[in-house]
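Asks: Here it is: the structure, laid out below.
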Amino acid sequence: MRNELYIDGKWVAPVKGGTCEVINPATEEVMQTIASATAEDVDIAVKAARRAFDKDGWPKLSGAQRAKYLRAIADGIRSRQAEIARLEVIDNGKPFPEADWDVADAAGCFDYYAGLAELMDTNPEETIALADGRFTSKAVKEPIGVAGAIIPWNYPLLMASWKVAPALAAGCTIVLKPAELTSLTALELAAIADEAGLPPGVLNILTGSGSVAGQAIIDHKGVDKLAFTGSGPVGSKIMAAAARDIKRVSLELGGKSPFVVFDDADIERAVEWIMFGIFWNQGQVCSATSRVLVQDGIYERLLARLVEETDKIKIGNGLEEGVLLGPLVSKRQHDQVVAAIAAAKDAGATIACGGERPEGFDKGYYLQPTILTGVPLDSAAWTEEIFGPVVCVHPFETEEDAIALANDSRFGLAAAVMSKDDIRAERVAAAFRAGIVWINCSQPTFTEAPWGGYKESGIGRELGRWGLENYLETKQITKYASEDPWGWYIK
Ligand code: TAP
């Protein structure tokens, strides 16, 4: 088990020697300790990343050369897929098949950005058509510089990959801080990058707390770009810190995403996608479709089937065969979700199922999957992200009502619609004020497609070519190409 910081191509103890405990959320046991970086460690890491960017030539490599490292990292992840997935389960709590899927996706993300890095060689510049024929002009893309990345605990390795892969492909160097709760697989990523021969300083991974190590990254003058995934309040802090030095910033924040089901939808399929949309990863998903709106013609039947299927979900340690719902990530998260359910009840909501610690679990941060109905539309359960296996189900009458209810949120990350009427589904998809829209499904995520939110759900897009652009500047190069003198001062 690794318990040091990965800085400048070496494993080092933190300057001030702090540590933090790693707790298995399924057993509440302390498994090990990890290093807690402070501002001194962050400073060393940022300086190493600066040197790798400014002097050692990482951004000067061809895209194809950088792609080789990215592919080697992808191969390294794949070669240890099951072992890394197991680490993710004991650190985060998610069921093993989900972790295994995440790890495969993380490897795929490195492969995908290797491909985009190679494309940068074949398409290095864009000619600009100028009205003034005496000049020629072109636009080129260049890496922003040193990226500071801060990630949450819900998809530990995948969130690291969504930031590290495009940053390295673009030619940036990076300092990454994983969530203190779930740092184990990020440390494995550092080890894999090291084995892949990534030059020193290009990737630095520092474990530690947000308030100390995270704050030091966002405040550091040597960081050119901040990339963050996590809660809205911390996102605001990061944007404020970026504003001080005009750092580039991209934010992937929370949501309260709607799922609109029309009464021509197949009820069985709808139930399946609703469950996938809210119980996958214990509902600890920024894009979770936590507000389900069901047209009144099928509301009662759909709710009954949803409750029936939800009651069958196998809860347990994510390493056990057949488990579909593991523990929440931490005691704090568990207690917050329990408090949100209690507040919903106080506000007048009905618990259609769940809401309790499952029977037979004395240890572990377990909670039954929970369905709430009759949730007042001005209550926190309807308006605020709960980030747990809790879904609010609400009826609607008309398409207009559904769109108005769906869009009545300060968030705009994702939205889903289900209907056999393709034209209506497309119309509703167009009306959603959200960055990610699913038709007849919820949650499928593709490395090639843009990911990010409207409104308070964030700024910028990850994944696809948009994810690469997050780490690129655009430079204009204009040449005076006429034989005639300019003739303004010197006639
Ligand atoms: P956050 O506090 O936002 O944590 C996300 C990351 O930011 C972690 O690495 C955290 O560090 C770091 N961080 C915290 N304070 C920071 C600061 N001042 N400067 C720089 N970095 C800082 O999320 P959380 O506390 O884990 O979860 C709280 C709520 O956020 C959840 O209940 C959920 O609603 C939401 N959440 C949303 C998402 C997504 S994907 N939208 C993901 C996770 C949580 P440490 O945690 O290591 O201290």
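Asks: Counting only residues that are without any contact (Cβ under 8 Å) to a residue 12 or more places away in the chain and either in contact with a helix residue (DSSP H, G or I) (Cβ under 9 Å, 6 or more places away or on another chain) or in a loop (DSSP other than H, G, I, E, B) (or both), how many does region 18-44 have?
Replies: Our first condition is that a residue be without any contact (Cβ under 8 Å) to a residue 12 or more places away in the chain; within region 18-44, this holds for 29-30.
With either in contact with a helix residue (DSSP H, G or I) (Cβ under 9 Å, 6 or more places away or on another chain) or in a loop (DSSP other than H, G, I, E, B) (or both) added as a condition, the list becomes 29.
Of the residues in that region, 1 qualify.
Asks: Where in region 186-277 are the strands (runs of 3 or more DSSP E), entirely inside, with at least 3 residues that are touching an Asp or Glu at 6+ places or on another chain (Cβ under 9 Å)? Break it down into steps so the answer makes sense when it comes.
Replies: On the way: elements: 203-205, 225-229, 248-252, 258-261.
Here the list reads 225-229, 248-252.
Asks: Something else about it: Looking for whichever is buried (at least 16 other Cβ atoms within 10 Å of the Cβ) and assigned to a helix (DSSP H, G or I) here; the options are 83, 88. Which one fits?
Replies: Values: 83 fails: buried (at least 16 other Cβ atoms within 10 Å of the Cβ).
Answer to the check: 88.
Asks: Residues in region 330-354 that are surrounded by fewer than 19 Cβ atoms within 10 Å (Cβ to Cβ) and assigned to a loop (DSSP other than H, G, I, E, B): how many?
Replies: Selection size over region 330-354: 2.
Asks: Then there's this: Taking residue 115, is it within 26 Å of residue 63 (Cα to Cα), surrounded by fewer than 24 Cβ atoms within 10 Å (Cβ to Cβ) and either small (Gly, Ala, Ser) or within 16 Å of the ligand (Cβ to nearest atom) (or both)?
Replies: Values: within 26 Å of residue 63 (Cα to Cα): yes; surrounded by fewer than 24 Cβ atoms within 10 Å (Cβ to Cβ): yes; either small (Gly, Ala, Ser) or within 16 Å of the ligand (Cβ to nearest atom) (or both): yes.
In short, yes.
Asks: With more than 16 Å from the ligand (Cβ to nearest atom), within 18 Å of residue 261 (Cβ to Cβ) and touching a Lys or Arg at 6+ places or on another chain (Cβ under 9 Å) as the only criterion, which of 428, 417, 437 stands out?
Replies: Working: 428 fails: touching a Lys or Arg at 6+ places or on another chain (Cβ under 9 Å); 437 fails: touching a Lys or Arg at 6+ places or on another chain (Cβ under 9 Å).
Sole residue among the options that is more than 16 Å from the ligand (Cβ to nearest atom), within 18 Å of residue 261 (Cβ to Cβ) and touching a Lys or Arg at 6+ places or on another chain (Cβ under 9 Å): 417.
Asks: Every residue in region 436-454 that is crowded, with 22+ Cβ neighbours inside 10 Å and of a type in the set (Gly, Ala, Ser), please.
Replies: Result: 442, 452, 453.
Asks: Of the residues that make up region 150-166, is at least one away from the ligand (no atom under 15 Å from the Cβ) and buried (at least 24 other Cβ atoms within 10 Å of the Cβ)?
Replies: Yes, the conditions are met somewhere in region 150-166.
Asks: Another question about this same structure. Would you tally the residues in region 455-467 being within 14 Å of the ligand (Cβ to nearest atom) and either at negative phi or crowded, with 22+ Cβ neighbours inside 10 Å (or both)?
Replies: 6
Readers should treat all values here as calculations from the given coordinates under stated rules, not as data from a laboratory. A quick note: this is a predicted structure, and the numbers were derived from the prediction, not measured. When we count neighbours, we look across all protein chains shown, and the Cβ atoms used for this are built from the backbone with ideal geometry, even at glycine.
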